[in-house]
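Engineer: Sending over a structure as structure tokens; questions will come in a sec.
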Number of protein chains: 2
Amino acid sequence: MAKIIECVPNFSEGKNEEVINGLVSIAKSVGGVTLLDHSSDASHNRSVFTLVGDEVGIQEAAFQLVKYASENIDMTKQHGEHPRMGATDVVPFIPIKDSSVEECVEISKKVAKRINDELNIPIFLYEDSASTPSRKNLAKVRKGQFEGMPEKLKEEEWAPDFGERKIHPTAGITAVGARMPLVAFNVNLDTSDITIANKIAKIIRASGGGFKYAKGIGVMLEDRNIAQVSMNMVNFEGTPLYRTFETIRMEAKRYGVNIIGSEIIGLTPAKAMIDCAEYYLQVEDFDYGKQILENHLLG
Amino acid sequence: MAKIIECVPNFSEGKNEEVINGLVSIAKSVGGVTLLDHSSDASHNRSVFTLVGDEVGIQEAAFQLVKYASENIDMTKQHGEHPRMGATDVVPFIPIKDSSVEECVEISKKVAKRINDELNIPIFLYEDSASTPSRKNLAKVRKGQFEGMPEKLKEEEWAPDFGERKIHPTAGITAVGARMPLVAFNVNLDTSDITIANKIAKIIRASGGGFKYAKGIGVMLEDRNIAQVSMNMVNFEGTPLYRTFETIRMEAKRYGVNIIGSEIIGLTPAKAMIDCAEYYLQVEDFDYGKQILENHLLG
């Protein structure tokens, strides 16, 4: 079987259906690539696309999507709850089958170079493609966001990996990289107080002394008038979903706040969910590889 | 995405290696089908095969196995501890992926018709394929066994669903049907009092007024000196695992007893576990088909 590589570009548009449909059309038009999923959030003003494909197709699809976003999303007019620095904010490549993170690092660099060469958008390489330790972390790379980037790029340590120290006037700057699969897991609270979600997010995330493989921020869901702890679980085996969920529950109690629901955004590996079922059902000696029927079908 | 359907035929031969190997060869030779597992029990004189495949392959494999069994197992000379009525005793079809019980009922009827047309073996449709309520239950269908079938078929209510009121002289009669996957789920209590496990099992199971799709008995784990509620979850969508688990927790409290663990015996579909993760993590609007990454790679 051929290699399968996943690409999960995040675009800074979650409201304009014409633009979102344009991105969908492009994702579906590139040979050797399948659009698995796409979801748009109006309050985040962000769309997350999930594509899988072979080594050649996934690179072409990523480039064409970034090109379309640069032509149709104007960051000087963009506002939303989610931090962002570019029309295409991030472009991670993820090994799914018969591929490695190292291969995805190479792919990320090829795509980054092409984006800069042809579209004149500067690029930060991040995650496992990062050129320095401080660039591994997207939050650090993105700090300052679109509006702060012109100043940030003048700082000694923040020269882009591809391109000049100058953002694209409307498309900003994009982070391209490679990483292991990620689960976007958001927990909704029965409060409209964003400061509570912010405090809990800080406790959860590694940078705040929390879990090594969790990132988190507080987000206000304006349409529901509730606060949310929005997390990226960057290694669901190192930090399982249930552990952050129960810690959020525990910490929320201090404020008399309860969890009212959660969201998985986009795709998750089955194991990230099954590990949680094992925990809550207290299953003894469960063998994921052998006892999940589908694992005998995946060849 | 391709449909995946499971078939678990039971053959009335558990000793003769030549015949068992012949069945294995056939199971492995049909295109679009994978033999996941097979086990033979000499004292039961019975072999259970587990195959998965696409809609076309699984029908062909089932038919070819029944044909081989009819040519190589002589029920007039067959003896064993396990009740049986045919060379191939039962042929259940089970939806695994992108398929439904309703589709498997249709498949079971097609295979049943072909078996009767080409091999002249009469068929009872059972489980969800049953034509009358009394035929849902295999034990009732099989009552009388091979030796009693000639008389039973003459009874008003026991005309075969396919074929005449006359067994095949050496292959007898076969039950063909469809059902949901079964999950063997046991919950361990911190008590050595089997009567508590028995009382809870009665509350859980349909026959005791409990959950429609759960069967349960109390079992003593002698080596650990603890009592267990041992369940067969016959439709994990109708009665999810977490619901019995939490009900056991609640009922055990009456006796001051706690759950100390659980076991999944053998295989489980991923969805049976993921449904539990969804419940405990309070995931809103989770789409199993779309959001589980592996579901997009299995086709």
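Engineer: Can you give me the solvent accessible area of A:LEU297 with a 1.4 Å probe, rounded to the nearest 10 Å²?
Structural biologist: 40 Å²
Engineer: Which of the GluC sites (Glu not before Pro) found in region B:228-299 are in a DSSP loop and have at most 14 neighbouring Cβ atoms, other than their own, within 10 Å?
Structural biologist: Listed in order of number, the matching sites are B:GLU237, B:GLU284.
Engineer: While we're here: Over the Cα atoms of region B:114-168, what Rg and Dmax result, in angstrom?
Structural biologist: For region B:114-168, the Cα-based Rg and Dmax read 10.6, 28 Å.
Engineer: For region B:1-91, which GluC sites (Glu not before Pro) are both in a DSSP coil and crowded by at most 14 other Cβ atoms within 10 Å?
Structural biologist: For GluC sites (Glu not before Pro) across region B:1-91 that sit outside H, G, I, E and B with at most 14 neighbouring Cβ atoms in 10 Å, the list reads B:GLU81.
Engineer: Right, something else. For chain A, calculate the relative contact order in percent as a whole number, restricting contacts to Cα pairs under 8 Å that are 6 or more residues apart.
Structural biologist: 16 percent
Engineer: What is the P(r) of region A:4-178, as percent of Cα-Cα pairs per 5 Å bin from 0?
Structural biologist: Spelled out per bin, shortest first, that is 2, 9, 20, 23, 22, 15, 7, 2, 0.
Engineer: Of A:GLN78, A:GLN145, A:GLN282, which is the most mobile in a GNM of chain A whose springs link Cα atoms less than 10 angstrom apart?
Structural biologist: In the Gaussian network model the winner is A:GLN282.
Engineer: Based on Cβ point charges of +1 for Lys and Arg and -1 for Asp and Glu, what charge dipole magnitude is obtained for region A:183-296 about its Cα centre, in debye rounded to the nearest 20?
Structural biologist: Details: 12 positive and 14 negative charges, 108 e Å.
Magnitude of the dipole: close to 520 debye.
Engineer: Mind checking which of B:VAL187, B:VAL283, B:VAL219 has the largest fluctuation in a GNM of chain B, springs on alpha carbons under 10 Å?
Structural biologist: Of B:VAL187, B:VAL283, B:VAL219, the Gaussian network model singles out B:VAL283 as fluctuating most.
Engineer: Still on this structure, I have one more. Net charge near A:GLY53, counting Lys/Arg +1 and Asp/Glu -1 over other residues with Cβ under 12 Å of its Cβ?
Structural biologist: Counting the neighbours of A:GLY53, the net charge comes to -1.
Engineer: So who's got an amide H within less than 5 Å of the one on A:SER262, skipping anything under 5 residues away but keeping other chains? H placed 1.01 Å off N, in plane.
Structural biologist: Hits under the 5 Å cutoff: A:ASN188, B:VAL283, B:GLU284.
Engineer: Report the net charge of residues surrounding B:GLU157, where surrounding means a beta-carbon distance below 14 angstrom and charges are Lys +1, Arg +1, Asp -1, Glu -1. Walk me through the intermediate numbers first.
Structural biologist: Numbers: positive: B:ARG135, B:LYS136, B:LYS140, B:LYS143, B:LYS152, B:LYS154, B:ARG165; negative: B:GLU151, B:GLU155, B:GLU156, B:ASP161.
Once positives and negatives cancel, what remains is +3.
Engineer: Charges at C-beta only: +1 for Lys and Arg, -1 for Asp and Glu. How large is the resulting dipole of chain A about its Cα centre, in Debye rounded to 20?
Structural biologist: Roughly 780 debye for chain A.
Engineer: Give the ranking of B:LEU182, B:LEU65 by solvent-accessible surface, highest area first, calculated with a 1.4 Å probe.
Structural biologist: B:LEU182, B:LEU65
Engineer: Moving on to the next point. Calculate how large, on average over all directions, the projected area of the Cα convex hull of the protein assembly as shown is; give the answer in nm² to one decimal.
Structural biologist: Dividing the Cα hull surface by four gives the mean projection, 30.7 nm².
Engineer: Also, quick follow-up: Report the residue, chosen from B:PRO133, B:PRO160, B:PRO95, that carries the largest GNM mean-square fluctuation when chain B is represented by alpha-carbon nodes joined by springs under 10 Å.
Structural biologist: B:PRO133
Engineer: For region A:1-155, give the magnitude of the charge dipole about the Cα centre (Cβ charges: +1 Lys/Arg, -1 Asp/Glu; no others), in debye to the nearest 20.
Structural biologist: Dipole about the Cα centre, nearest 20: 420 debye.
Engineer: Something else: Pull out a ≥ b ≥ c, the square roots of the eigenvalues of the alpha-carbon gyration tensor of region B:1-57, then state rounded if a/c is under 1.5, prolate if not and a/b is larger than b/c, and oblate in the remaining case.
Structural biologist: prolate
Engineer: Over its Cα atoms, what ratio of radius of gyration to 2.2 N^0.38 Å does region B:152-299 give?
Structural biologist: Relative to the rule-of-thumb radius for its length, region B:152-299 sits at 1.36.
Engineer: On to the next question. Give the accessible area for B:ARG135 in Å² (nearest 10); use a 1.4 Å probe, count only protein heavy atoms, and leave out ligands, DNA and RNA.
Structural biologist: Approximately 10 Å² for this residue.
Engineer: If you don't mind, there's one more thing I want to ask. Please report the equivalent ellipsoid semi-axes of chain B, computed as sqrt(5 x eigenvalue) of the Cα gyration tensor, largest first, in whole Å.
Structural biologist: Here the semi-axes work out to 35, 24, 18 Å.
Engineer: Would you please calculate the Kirkwood hydrodynamic radius of region B:74-183 over all C-alpha pairs and express it in Å, rounded to one decimal? Show your work: numbers first, answer last.
Structural biologist: Values: mean 1/r = 0.0716 Å⁻¹.
After inverting the pairwise mean of 1/r, the radius is 14.0 Å.
Engineer: In whole percent, how big is the carbon plus sulfur part of the accessible area of region A:140-209, probe 1.4 Å, protein atoms only?
Structural biologist: That share works out to 52 percent.
Engineer: Run through the other copies and list how far each one's label point is from that of A:GLU17, in nm with one decimal, shortest first; the point sits 7 Å from Cα along Cα-Cβ.
Structural biologist: A:GLU17 label point versus its equivalents elsewhere: 6.8 nm.
The values are calculated or read from the model by the stated rules, or taken from the named source; none is laboratory data. All values reported here derive from a predicted model rather than from experimental measurement. When we count neighbours, we look across all protein chains shown, and the Cβ atoms used for this are built from the backbone with ideal geometry, even at glycine. Quick note on the areas: whole protein, heavy atoms, side chains included, nothing else; ligands and nucleic acids left out. Shrake-Rupley method; radii C 1.70, N 1.55, O 1.52, S 1.80 Å.
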